[in-house]
Amino acid sequence: QVQLVVSGGGLVQAGGSLRLSCAASGSVFTINAMGWYRQAPGEQRGMVAVSDRNGYINYADSVKGRFTISRDVAKNTMWLQMNSLKPEDTAVYYCYANVVSGVTYRTLESWGQGTQVTVSS
């Protein structure tokens, strides 16, 4: 199986920055897509940014120009740099990956544990 280990998050004032990281471990043949979702209280989980295997990145309109994804493909690791944070960015952030298992060669969808990001006004 593939596990996604998330680190980062925390409390920051509006206008500040935070960086999240997500590392895929286990038997990974290849990663088709990897990215971040978030869920605020009382809301559905929504996409923040997702990168496909070709490096194309789709950002949610609400974070364009403020959030940036970067990846180390060799290490199966992704970072989310969040700048100019706003109170409305407060949510639990989840790492997501669509991977091909190195054991079964089947496509799997994996989610990391959520990490709380709180932006105070």
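Values for this structure:
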quantity: Which numbered condition Ile57 fails, given (1) within 15 Å of Gly112 (Cβ to Cβ); (2) open to solvent by 30 Å² or more (accessible area, probe 1.4 Å); (3) at pLDDT 95 or above; calculated: (1)
quantity: Complete set of residues in the stretch 6-24 that are closer than 23 Å to Val103 by Cα and either of a type in the set (Gly, Ala, Ser) or at pLDDT below 95 (or both); calculated: Ala23, Ala24
quantity: Members of the stretch 70-107 that are within 22 Å of Glu43 (Cβ to Cβ), among the acidic types (Asp, Glu) and out of contact with any strand residue (DSSP E or B) (no Cβ under 6 Å at 6 or more places or on another chain); calculated: Glu88
quantity: Any chance Gln39 is in contact with a Gly (Cβ under 8 Å, 6 or more places away or on another chain), open to solvent by 40 Å² or more (accessible area, probe 1.4 Å) and among the polar types (S, T, N, Q); calculated: yes
quantity: Condition check for Asn98: at positive phi, surrounded by 14 or more Cβ atoms within 10 Å (Cβ to Cβ) and polar (S, T, N, Q); calculated: no
quantity: Leu4, sole failed condition from (1) outside any loop (DSSP other than H, G, I, E, B); (2) open to solvent by 20 Å² or more (accessible area, probe 1.4 Å); calculated: (2)
quantity: Residues satisfying the stated conditions in the stretch 61-95, i.e. surrounded by fewer than 13 Cβ atoms within 10 Å (Cβ to Cβ) and touching a Ser or Thr at 6+ places or on another chain (Cβ under 7 Å); calculated: Pro87
quantity: When residues of the stretch 101-118 are limited to those that are hydroxyl-bearing (Ser, Thr, Tyr) and open to solvent by less than 60 Å² (accessible area, probe 1.4 Å), the one farthest from Arg53 (Cα to Cα); calculated: Thr118
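The values are calculated or read from the model by the stated rules, or taken from the named source; none is laboratory data. Because the structure is a prediction, the values reported are computed rather than measured. When we count neighbours, we look across all protein chains shown, and the Cβ atoms used for this are built from the backbone with ideal geometry, even at glycine. Ligands, DNA and RNA are excluded from the accessible area calculation, which covers all protein heavy atoms including side chains. Shrake-Rupley method; radii C 1.70, N 1.55, O 1.52, S 1.80 Å.
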